[in-house]
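**Student:** Please see the structure below; I have some questions.
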Amino acid sequence: MIGCGCAVCESSDSRDKRLRPSIVLEVKDGPTILVDTTPDLRQQALRHGLTRVDAVLFTHPHADHVLGLDELRRFNALQESAITCYADAATWAGIRRTFSYVFDDAPRLGGGIPRIDSRDVDGPFSAAGIRAVPVPLLHGRMPVLGFRFGTFAYLTDCNALPDAAWALLDGVETLVIDALRDKPHPTHFTVAQALDAVRRIGPRRTYLTHMTHDLGYEATAARLPVGVAPAYDGLVFDVTVEGA
């Protein structure tokens, strides 16, 4: 947190040094799928050696999840191709407002623009050959998307799961879910609310994400139930996905 001297912001534990939430799904001998293009995408890609992006999935159009879109230019250059990007209609509307220069077809004499192939999400789809199932979530009163890949589900930025979401999460073994802090928030789960959802979904293991500096890694991990842990930057785990 800018300008903060709290114990978490001053922590020497690398797991307390958090950039904006995003995930990369790397399929063995297959594609690399990015979920959200955060403002930290360049730093995240350099830190973790990301050299390829075959598809991008967007959860919603808030700044902390889309403002790194222009960084896709480097992957265009590396791959010599456009990148297929998926979002629902409301998210595309927000992205088009924020990045009008990408979509307005005006000549750009001063440099390139990210080359993307925009696709609408209105049900399960194939992202670079991997089956992706959109999961409806509520971020306050705003509908947003989580995504399920095989036995793995990623549910960031939410404070409620609509009735339609629960059946889509049946059989999930690994879950990443929003848990902002302990104090109630109008658009994010608290830790207690996230744990209520975890109990209902019943995954084998769960990682909490989108945490504020109110939640230090070590102290938070110590009070979570078995099978639940805080996520941290650079966390890697194996999941089973499905081909489309």
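The values are calculated or read from the model by the stated rules, or taken from the named source; none is laboratory data. Everything quoted here is computed from the prediction, not taken from an experiment. In this analysis, Cβ positions are derived from the backbone assuming ideal geometry, glycine residues included, and neighbour counts consider all displayed protein chains.
**Student:** Taking the options Thr37, Thr59, Thr84, name whichever one is more than 30 Å from Glu218 (Cα to Cα) and touching a strand residue (DSSP E or B) at 6+ places or on another chain (Cβ under 9 Å). Before you say what the answer is, go through the steps one by one.
**Tutor:** Working: Thr37 fails: more than 30 Å from Glu218 (Cα to Cα); Thr59 fails: more than 30 Å from Glu218 (Cα to Cα).
Residue meeting the stated conditions: Thr84.
**Student:** Next question. Residue check: is Arg119 outside the structural domain of Val191 (by TED's automatic domain parsing), basic (Lys, Arg) and not in a loop (DSSP other than H, G, I, E, B)? Outline the logic, then answer.
**Tutor:** Values: outside the structural domain of Val191 (by TED's automatic domain parsing): yes; basic (Lys, Arg): yes; not in a loop (DSSP other than H, G, I, E, B): yes.
Yes; evaluated as a whole, the condition is true for this residue.
**Student:** With a cut-off of at least 3 residues that are crowded, with 18+ Cβ neighbours inside 10 Å, name the strands (runs of 3 or more DSSP E) lying wholly within the range 1-71.
**Tutor:** Working: elements: 23-26, 32-35, 55-57.
Those strands (runs of 3 or more DSSP E) span 32-35, 55-57.
**Student:** Further question: From the residues in the range 72-116 that are hydroxyl-bearing (Ser, Thr, Tyr) and not in a helix (DSSP H, G or I), which one is farthest from Val24 (Cα to Cα)? Spell out how you get there, then give the answer.
**Tutor:** Filtering the range 72-116 down to residues hydroxyl-bearing (Ser, Thr, Tyr) leaves 81, 84, 86, 91, 98, 100-101.
With not in a helix (DSSP H, G or I) added as a condition, the list becomes 81, 84, 86.
Working: Ser81: 19, Thr84: 15, Tyr86: 15 Å.
Per the criteria, the residue is Ser81.
**Student:** Continuing with the same structure: Please go through (1) on the phi > 0 side of the Ramachandran plot; (2) crowded, with 17+ Cβ neighbours inside 10 Å for Phe75 and return the number of the only condition it doesn't satisfy.
**Tutor:** The one condition Phe75 does not meet is (1).
**Student:** Test Ile116 against the criterion of being under 22 Å from Pro39 (Cβ atoms), surrounded by 14 or more Cβ atoms within 10 Å (Cβ to Cβ) and at pLDDT 95 or above, and give yes or no. Before you say what the answer is, go through the steps one by one.
**Tutor:** Details: under 22 Å from Pro39 (Cβ atoms): yes; surrounded by 14 or more Cβ atoms within 10 Å (Cβ to Cβ): yes; at pLDDT 95 or above: yes.
Considered against the rule, which asks whether it is under 22 Å from Pro39 (Cβ atoms), surrounded by 14 or more Cβ atoms within 10 Å (Cβ to Cβ) and at pLDDT 95 or above, Ile116 comes out as yes.
**Student:** Any idea which of (1) of a type outside the set (Phe, Trp, Tyr); (2) farther than 19 Å from Ala132 by Cα; (3) modelled with pLDDT of 95 or more is the one Thr91 doesn't satisfy?
**Tutor:** Result: Thr91 fails condition (2) only.
**Student:** Hey, another quick one. Scanning for something in contact (Cβ under 8 Å) with a residue 40 or more places away in the chain, over 16 Å from Val66 (Cβ atoms), of a type outside the set (Gly, Ala, Ser) and crowded, with 19+ Cβ neighbours inside 10 Å, does the range 157-164 turn up at least one residue? Give the steps one after another, and end with the answer.
**Tutor:** To start, the set of residues in the range 157-164 that are in contact (Cβ under 8 Å) with a residue 40 or more places away in the chain comprises 157.
Checking the rest, the ones that are also over 16 Å from Val66 (Cβ atoms) come to none.
No, the range 157-164 has no match at all.
**Student:** For Pro134, work out the one condition from (1) in contact (Cβ under 8 Å) with a residue 40 or more places away in the chain; (2) outside any strand (DSSP E or B) it doesn't fulfil.
**Tutor:** Evaluating Pro134 over (1) in contact (Cβ under 8 Å) with a residue 40 or more places away in the chain; (2) outside any strand (DSSP E or B) leaves (2) as the failure.
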